[in-house]
Amino acid sequence: MLKPKKKILKKEIKKDPVLEKISQVEHFVRDQGKILSYVLIAALVVLVLSVAMIRSKSNANKEAAGELGIAEMALAVGDVENAIMQFEALIDKNPGTKSAGMAALMLAGTYMSKDDFENAELNYRKYIDDYGHDDMFVAAAYNGLGVCFERKGELQQAAEYFENGGKKSPYMFLKYECYFNAARNYISVKNIEKAESVLKKIPAEDLDNKYKTDYDVLNAKLKVLKG
């Protein structure tokens, strides 16, 4: 003989906090009739949905951060192809997260190491266009684009990207690196005016021995070009 099914009480059902809030709003509106204006109702719904979105985004960020760590480990042990697959999967699965932005930047550098400048360029641009909220990383991405174009022989465009990186960097070490790269490429295409302009942004008196040598070499090349 079949046993009668136990009636499941409503309070025994596992509740989702967000859905419960939405239900509470609906009951409140229904009980109060027309006391609440449509504006207030809309505001309550927006608030509830915002809570849901924040919770969802937080979970996505945590998951993406874990996936980024795994991809970085693969890269650290030299498993480059696996790292590339994981970086790409992370970006596709968790767009808009900080970890996806870092994955795009690291993916660009990984492609650069393989002399795949087309994919490196795509991912540097992706970081700048979609995730460029940190000036240091934006500067690094511009510097990476400069390297891509320098390797392709498009030196004027490379110089402009390097210069953008120098303007964007909040840190002097990266700013100097970008400006030196820009000046070198402007000199290579005999754009004397731009090369001089970039070098003037570098305070020679503050440079250490390595940078001072680079500065002197570039200035000497400029003098030769100017005759």
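With respect to the stated conditions, Tyr186 is aromatic (Phe, Trp, Tyr), assigned to a helix (DSSP H, G or I), in contact with a helix residue (DSSP H, G or I) (Cβ under 9 Å, 6 or more places away or on another chain) and modelled with pLDDT of 95 or more. Put simply, of Glu67, Glu63 the only residue that is acidic (Asp, Glu), modelled with pLDDT under 85, over 30 Å from Cys148 (Cβ atoms) and surrounded by 13 or more Cβ atoms within 10 Å (Cβ to Cβ) is Glu63. Scanning segment 185-203 for residues that are under 16 Å from Lys221 (Cα atoms) and surrounded by fewer than 22 Cβ atoms within 10 Å (Cβ to Cβ) yields Ser188, Val189, Lys190, Asn191, Ile192, Glu193, Lys194, Glu196, Ser197, Leu199, Lys200. For segment 189-205, a residue qualifies if it is touching a helix residue (DSSP H, G or I) at 6+ places or on another chain (Cβ under 8 Å) and not polar (S, T, N, Q), and the qualifying residues are Val189, Lys190, Ile192, Lys194, Ala195, Glu196, Val198, Leu199, Lys201, Ile202, Ala204.
Phe149 - would you say it is out of contact with any Cys (no Cβ under 7 Å at 6 or more places or on another chain), closer than 23 Å to Asn185 by Cβ and among the aromatic types (Phe, Trp, Tyr)? Yes, satisfied. Screening segment 152-173 for residues that are among the charged types (D, E, K, R) and not in a loop (DSSP other than H, G, I, E, B) and picking the one that is surrounded by the most Cβ atoms within 10 Å (Cβ to Cβ) gives Glu163. Of all residues assigned to segment 82-89, at least one qualifies as being under 15 Å from the mean Cα position of the chain (by Cα), surrounded by 19 or more Cβ atoms within 10 Å (Cβ to Cβ) and assigned to a helix (DSSP H, G or I).
Per the listing Tyr176, Tyr211, Tyr215, the residue uniquely under 18 Å from Glu150 (Cβ atoms), within 33 Å of the chain's Cα centre (by Cα), touching a residue at least 12 places away in the same chain (Cβ under 8 Å) and assigned to a helix (DSSP H, G or I) is Tyr176. Taking (1) surrounded by 17 or more Cβ atoms within 10 Å (Cβ to Cβ); (2) closer than 24 Å to Asp92 by Cα; (3) within 16 Å of the chain's Cα centre (by Cα) in turn, Asp130 satisfies each apart from (1).
Do we have Lys168 as modelled with pLDDT of 95 or more, charged (D, E, K, R) and touching a Phe, Trp or Tyr at 6+ places or on another chain (Cβ under 8 Å) here?
yes
Restricting the search to segment 93-127, which residues are under 9 Å from the mean Cα position of the chain (by Cα) and within 26 Å of Tyr179 (Cβ to Cβ)? Answer for segment 93-127, where residues must be under 9 Å from the mean Cα position of the chain (by Cα) and within 26 Å of Tyr179 (Cβ to Cβ): Gly101, Met102, Ala104, Leu105, Tyr124, Lys126, Tyr127.
The values are calculated or read from the model by the stated rules, or taken from the named source; none is laboratory data. Nothing here was measured: the structure is a model prediction, and the numbers come from that model. Here Cβ is always computed from backbone atoms with ideal geometry, including for glycine, and neighbour counts include all displayed protein chains.
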